[in-house]
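Engineer: My questions will all concern the structure given below.
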């Protein structure tokens, strides 16, 4: 995979995963992977992982995030402060690539699951509220996006309400696209983010998203 494209994938992943102290929340669960499923008891949900896709370890995720933080912030001290502040609220639940990082492919599609504690953001009542602020963060990053939704579509996935935000960026000959799926659960935003460059990859990733089931 082209080095620049690899770095851009890392940047996208780390826009919302900056480490976590959410374990301080009673009963908080980072989840586990069993039999090609990610299971989380705190949020009471599961999602199916394609058998050949590659789940990142905590160490691998931390390394990706560290590189991504530097790419996002650059020399912008304000962005560095935003990233630092987010470290006490956000939890990296799951990072999955279709191929091993560094594989000889043009682009490596991915999906991630991230939770953010909303105790200091009481005005965030639904996914669209969270995405409003997420959009502002994307616009402040060092990466120039070609498109970001201004309005957020509501979608019901297996009886759970999500709001969606699409974004795209043209880089090194690729039109790289993302879809952010956000719902509110147990005082957290739960975010699933897919990243891809073509419709085939998008269709694969949407199948993963549509396997997400919350217990009521």
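Engineer: Residue 192: out of contact with any strand residue (DSSP E or B) (no Cβ under 6 Å at 6 or more places or on another chain) and in contact (Cβ under 8 Å) with a residue 60 or more places away in the chain, yes or no?
Structural biologist: No.
Engineer: Same structure, new question: Pairs needed: first member in region 33-47, more than 18 Å from residue 115 (Cα to Cα); second member anywhere, exposed (fewer than 14 other Cβ atoms within 10 Å of the Cβ); C-beta distance under 8 Å; at least 6 residues apart or different chains.
Structural biologist: These pairs meet every condition: 36/51.
Engineer: Condition first: closer than 15 Å to residue 186 by Cβ and either modelled with pLDDT of 90 or more or surrounded by fewer than 16 Cβ atoms within 10 Å (Cβ to Cβ) (or both). Now tell me which residues in region 94-114 satisfy that.
Structural biologist: 113
Engineer: Among the residues of region 186-206, which ones are over 16 Å from residue 106 (Cα atoms) and over 16 Å from the mean Cα position of the chain (by Cα)?
Structural biologist: Result: 186, 187, 203, 204.
Engineer: Check region 124-141 and report whether any residue there is over 25 Å from residue 50 (Cβ atoms), touching a helix residue (DSSP H, G or I) at 6+ places or on another chain (Cβ under 7 Å) and either buried (at least 17 other Cβ atoms within 10 Å of the Cβ) or modelled with pLDDT of 95 or more (or both).
Structural biologist: Taking every residue of region 124-141 in turn, at least one turns out to be over 25 Å from residue 50 (Cβ atoms), touching a helix residue (DSSP H, G or I) at 6+ places or on another chain (Cβ under 7 Å) and either buried (at least 17 other Cβ atoms within 10 Å of the Cβ) or modelled with pLDDT of 95 or more (or both).
Engineer: Residue 85 fails exactly one of the following numbered conditions: (1) at pLDDT 60 or above; (2) under 27 Å from residue 144 (Cα atoms); (3) not in a loop (DSSP other than H, G, I, E, B). What is the number of that condition?
Structural biologist: (1)
The values are calculated or read from the model by the stated rules, or taken from the named source; none is laboratory data. This one's a predicted model, so the numbers in the text were calculated from it and none came from an experiment. Neighbour counts are summed over all protein chains in view; Cβ atoms, including those assigned to glycine, are modelled from backbone coordinates with ideal geometry.
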